[in-house]
Amino acid sequence: MTDDVEGWHSVDRYPAARQLPGIVVYRWEAPLFFANAGIFRKQVRDLVRDRRPRFVVLQCEAITDVDVTAAAMLRQLDTELNAAGVHLAFAELRDRLQDLVVRYGLLETLDRAHVYPTLDTAIAVVEQQGQPRAT
C-alpha cells in the first residue's frame, strides 16, 4: 500500500510502499499449472526467505485455473511453510478455483479458515492472528 496511490502495489515498482509487518501479499497473474508450478513455488520460497513473514496471502483473482500438478505443489508448499511457522492464506478465489480446490482435496491440507472473499478481509484477519516473527 502507498500513501500516494490507492490500493495494493508491488514493492518492486513502488519501493516507498508501506509493507505490513509479518505479512507478504503475493499476486500470481496466470493459470497455475505443470509448466509454471515450479516458478510459483520458487518465488514464494524466495519471498519467505527474504521477508520472513508469518503469513503469505495469495491474491488469487487473476488465477483462472489450477491443474493437478499445481495442486500437489500447493499441498507440499503449504506443509513446508507450516513447518517453518508460515501460513498460507488465499484471497479472491474465483468460483471455478474454489471448485477445483475442493475437487483436488486441497482443503484436507490447506486451512479452510484462511480462505477469504477479499484481500482486505484476509489482511484484517491475519493481522489479528499473529505478530511478526523476530529476525
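Once the Cα atoms are used to define both axes, helix 119-129 deviates from the longest principal axis of the chain by about 80 degrees. Taking Cα centre as origin and charging only the Cβ of basic (Lys, Arg, +1) and acidic (Asp, Glu, -1) residues, the dipole magnitude of region 24-129 rounds to 340 debye.
Specify whether the C-alpha gyration tensor of region 71-135 places it in the rounded, prolate or oblate class, a ≥ b ≥ c being the square roots of the eigenvalues: rounded for a/c under 1.5, otherwise prolate if a/b is larger than b/c and oblate if not. Present the calculation step by step, with values, prior to reporting the outcome.
On the way: a/c = 2.84, a/b = 1.27, b/c = 2.24.
Cα axes put region 71-135 in the oblate bin.
Work through the residues other than Ile63 whose Cβ is under 11 Å from its Cβ and net out their charges, Lys, Arg +1 and Asp, Glu -1. Every neighbour counted, the sum reads -1.
Just to be sure I follow the definition: excluding the sites themselves, where is the longest run in the chain that has none of the GluC sites (Glu not before Pro) in a DSSP loop with at most 12 other Cβ atoms within 10 Å? Present the calculation step by step, with values, prior to reporting the outcome.
Working: sites that count: Glu6, Glu29.
Answer from the scan: 30-135.
Database remark: amide H of Ala89 closer than 5 angstrom to the amide H of Val56, Val57, Leu58 (H placed geometrically; neighbours at sequence offset of 5 or more, or on other chains; Pro and chain starts carry no H). Each residue of region 46-51 is assigned a 3J(HN,Hα), and the resulting list reads 4, 4, 5, 4, 7, 9 Hz, derived from the Karplus form 6.51 cos²θ - 1.76 cosθ + 1.60 (θ = phi - 60°), x at Gly and Pro.
What relative contact order, as a whole-number percentage, does region 24-129 give when Cα pairs under 8 Å and 6 or more residues apart are counted?
Values: 149 pairs, mean separation 30.5, N = 106.
It comes to 29 percent, rounded to a whole number.
With a cut-off of 12 Å between beta carbons, the residues surrounding Arg94 carry a summed charge of -4, where Lys and Arg count +1 and Asp and Glu -1. Principal-axis analysis of the Cα atoms of the chain puts helix 68-83 at an angle of about 50° to the longest axis. Residue farthest toward the positive end of the dipole of region 24-129, with Cβ of Lys/Arg at +1 and Asp/Glu at -1: which of Phe33, Val115, Phe55? The one lying farthest along the dipole's positive direction is Phe55.
Read the figures in this text as sums done on the coordinates, not as results from a lab. Computed from a prediction, not measured in an experiment: that's the story for all the values here. Please note: Cβ atoms are built from the backbone with ideal geometry, for glycine as well, and neighbour counts cover all protein chains shown.
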